[in-house]
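So the structure is just underneath, and the comments pick up after that.
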Amino acid sequence: MKLKSVLIAIATLTPMTFGALAEDYQVGNVMIGAPWARVTLQSRPAAAYMKLHNMSDAADMIVAVSSPLAERVEMHTHTMTDGVMRMRQVEAIELAPKGHTELKPGGLHLMIFGLKRQVKKGEMIPIKLTLKNAGEVEIKAMVGGKPGAMDHSGHKQTQ
C-alpha cells in the first residue's frame, strides 16, 4: 500500500515539476513543449531546442523565427557530407500531421545570432515562431539545460 501511495505522489507531482522549469505553448493545433537554449557568450551564436506535436490532420511548418534579443534567428539541421557532420540552414521545419518533431542537438534546431546581451543560465530567451497554418506564438526558451518532457496540462494557447 505504501508503494502505491508513493507512485501516485510521483505521478501527480511530475507534470508540476516539469511545468515549473519550462512552459508549454499551443498555437492552433500545434503544441510546443520543453523549449531550452544552450548557454553562450554574447559574441557567439546560441542554439535553441524544443518538442513540437502537430495534433492536426493537416501538415504544418515553421516558416519564420525571430527574437527581440537577437539580430536574427535561423532554422538549421545537421547533415553528413563526406564523413563530416555539417550544419546548414533550412527554409522551413515540416510538422507532419498527427506527428512529433523534436529540435535537438545534432538535428533540427534554431540558431540565434547577434545576441544583444549575454544571457545566463536560468534566464529565458523569447522566440517568436511563425507557422504556415497555425499562426504565430512567442515562446520562452530556458537557458542552460534541457528542462524536461512536454506537459500538456498547463499550456498557453494563442490563436
- line: The FRET efficiency for residue 80 and residue 132, from their Cβ-Cβ distance with R0 = 35 Å and rounded to 0.05, is 0.80
task: Apply the Kirkwood formula to region 81-123: the hydrodynamic radius equals the inverse of the mean of 1/r over all pairs of different alpha-carbon atoms; give it in Å with one decimal.
output: 13.7
task: Enumerate the whole-percent occupancy of each 5 Å bin, from 0 to the last occupied one, for all C-alpha pair distances of region 36-111.
output: 3, 14, 23, 23, 18, 12, 5, 2, 0
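Pop the C-beta distance of residue 120 and residue 91 into the FRET formula with R0 = 35 Å and round what comes out to the nearest 0.05. Please report the intermediate quantities before stating the final value.
Details: r = 32 Å, r/R0 = 0.91.
That gives a FRET efficiency of 0.65.
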- request: Give me 76, 100, 109 ranked fewest to most by other Cβ atoms within 10 Å of their Cβ, as a rough exposure proxy.
  value: 100, 76, 109
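Quick note: the coordinates plus some simple rules give every number you see, no bench work behind them. Keep in mind that what you see is a predicted model, and the values were worked out from it rather than measured. Cβ: placed from backbone, ideal geometry, glycine included. Neighbour counts: every protein chain shown.
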